[in-house]
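For reference, the structure discussed in these notes is given below.
Every number here is computed from the coordinates shown, using simple stated rules; none is lab data. If you're wondering where the values come from, they're calculated on a predicted model, not measured in any experiment. Glycine also receives a Cβ, built like all others from the backbone with ideal geometry; neighbour counts cover every protein chain displayed.
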Amino acid sequence: MLQKNQLIPLTITGMTAEGNGVGHAEDGMAVFVPFTAVGDTLSCHILKVQSRCAFGKIDALTEPSPHRVETVDCPVFGKCGGCAFRHVTYEAECAYKWQRVADAVKRIGGLDITPEPLVACDSPDRYRNKGQYPVVAGEHRPLIGLYAARSHRVVEQHDCLLQPENFKIVLDTVGKWAKKAGVVPYDETTGRGLLRHVYIREGFARGELMVCLVCTSGKVPQPQLLIDMLREAVPGLASLMINLNKQDTNVVLGKESFCLYGTPYIIDRLCGLNFRLSPLSFYQVNAPQAERLYGLAKEAAALTGEEVLLDLYCGTGTIGLSMANHVKQLIGVEITPEAVEDAKQNAVDNGIENARFINADAAKAALQLEKEGIHPDVVVLDPPRKGCDSALIETVVRMAPDRVVYVSCDPATLARDLKQFEALGYQTQRITPVDMFPRTHHVESVARLVRTR
């Protein structure tokens, strides 16, 4: 039986969904070790032992995997909770993610289908168009950075390699202003302080930048100094916002925002359409890969121009609006009212007149449309990580669309939901993994289902 603090030899033979390596001790028990690679042979320091598995860390690498890179390029890799795969080649990372989807489909979904090759990202670095950075009190100045894994401890870092280089300029400038103006960072334990997060968005198409300070009050000290410093330091500054969040909560953004400088939104272009981005707008953080993802969804929908398309979990309407010119009618459903208003405005801005957006829970809206006698030809599902509710799947099936396009951010819940669709008369024809978030453990997929009865 393994014991805590024991050193054991271990060979890594697989990866978990979270990006940890897994090997097996001499007694067959699975041992999970972060920041390892398939093929690593190591001395493993056991940190925790449970009834069926154990957790450890690298004590020493005996023989490194051929998938490892010689030098890790980020000074806080392993300390912050962002990246899982900076220690391996991008090719190896893509192989892990494809295998994760394949394993879930087979083991959880029970489907005899091999996923299509994973759609890799052209560049695994600097792809994000959004960053959220917590602020805490340092010894002599406010510290801005990223949360350590599974904690609210902040690791100071202004130049995350997943973010554009100009985000560092923003954080440097906000940090200097905060020190000069005597800004007190928010303290989670006491509930006191002003500045909680620095939130940055960039519209890559037009180079527009939004800086948003998440604060407990709208009265920030020396606001003109902040405006002047940012305007001088940050090319492309189009918007400076204050978001009010007075709640004792882990949610980053509050519901109210106001503009200190510029416009209350920026504009980006995706799939040939313009989208307004306010602080509360949902928008894919990797726009080039989002275009590929939406292209795959459109291909799976096999549109002829005569269809009624139902886009459930539509957010600000990006997926549905990208297909609107190829359908007779688009109906989008989203539970967040601000997102629905953004979707309506996005339709107006792009001259799309055949779109209707409903603010409701996906399952309730589907029932409402069913009662109205609306029978969609194609349903697009893009649920959160928890996947679709079983009742929603049953409602979609009762609507009897010819095709269902399922966009997933979690292979396990995708596989579970595909299994239910299969049992209710839909066949999964194709699954394509897409690497939307390089260097993290996340992987997206697009599945095409067709009605068989």
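Numbers at a glance
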{"read-out": "The stretch 22-36 versus the stretch 322-344: alpha-carbon centroid distance in Å", "value": "46 Å"}
{"read-out": "Extension gain from residue 385 to residue 150, taking 0.36 nm per residue of separation minus the Cα-Cα distance", "value": "82.8 nm"}
{"read-out": "Hits among lysines - C-alpha to C-alpha of residue 419 under 20 Å, sequence gap 8 or more where chains match", "value": "106, 386"}
{"read-out": "Length gained when the stretch residue 402-residue 5 is fully extended (0.36 nm per residue, less Cα-Cα span)", "value": "137.2 nm"}
{"read-out": "Highest-first arrangement of 383-396, 209-222, where packing means the average Cβ count within 10 Å", "value": "209-222, 383-396"}
{"read-out": "The chain - percent relative contact order, Cα under 8 Å, separation 6 or more", "value": "12 percent"}
{"read-out": "Largest-first ellipsoid semi-axes for the stretch 7-63, taking √(5λ) over the Cα gyration tensor eigenvalues, angstrom", "value": "15, 13, 10"}
{"read-out": "Relative contact order %, the stretch 130-277, counting alpha carbon pairs below 8 Å whose residues are six or more apart", "value": "19 percent"}
{"read-out": "Nitroxide proxy distance, nm - points 7 Å out along Cα→Cβ at residue 360 and residue 228", "value": "5.4 nm"}
{"read-out": "Relative contact order of the stretch 7-63, defined on C-alpha pairs under 8 angstrom at six or more residues apart (%)", "value": "33 percent"}
{"read-out": "Cα-based shape type of the stretch 303-372, given that a ≥ b ≥ c are square roots of the gyration tensor eigenvalues and the cut on a/c is 1.5", "value": "oblate"}
{"read-out": "Within the stretch 7-63: Cβ-based charge dipole about Cα centre, in debye rounded to nearest 20 (Lys, Arg +1; Asp, Glu -1)", "value": "200 debye"}
{"read-out": "Calculated Cα Rg over 2.2 N^0.38 Å (choose from (i) 1.32; (ii) 1.14; (iii) 1.05), label", "value": "(iii)"}
{"read-out": "Amide hydrogen neighbours beyond the local backbone of residue 137, cut-off 5 Å, H modeled", "value": "143"}
{"read-out": "Karplus 3J(HN,Hα) series, Hz, for the stretch 442-449 with 6.51 cos²θ - 1.76 cosθ + 1.60 (x for Gly, Pro)", "value": "6, 8, 9, 8, 10, 10, 10, 10"}
{"read-out": "Cut-off 13 Å between beta-carbons: net charge of the residues surrounding residue 234, Lys and Arg +1, Asp and Glu -1", "value": "-2"}
{"read-out": "Alpha-carbon centroid distance for the pair the stretch 190-244 / the stretch 345-403, whole angstrom", "value": "36 Å"}
{"read-out": "Net charge of neighbours whose Cβ lies under 13 Å from the Cβ of residue 341, counting Lys and Arg as +1 and Asp and Glu as -1", "value": "-1"}
{"read-out": "Most to least packed among 406-417, 140-151, 162-173 [average Cβ atoms within 10 Å]", "value": "406-417, 162-173, 140-151"}
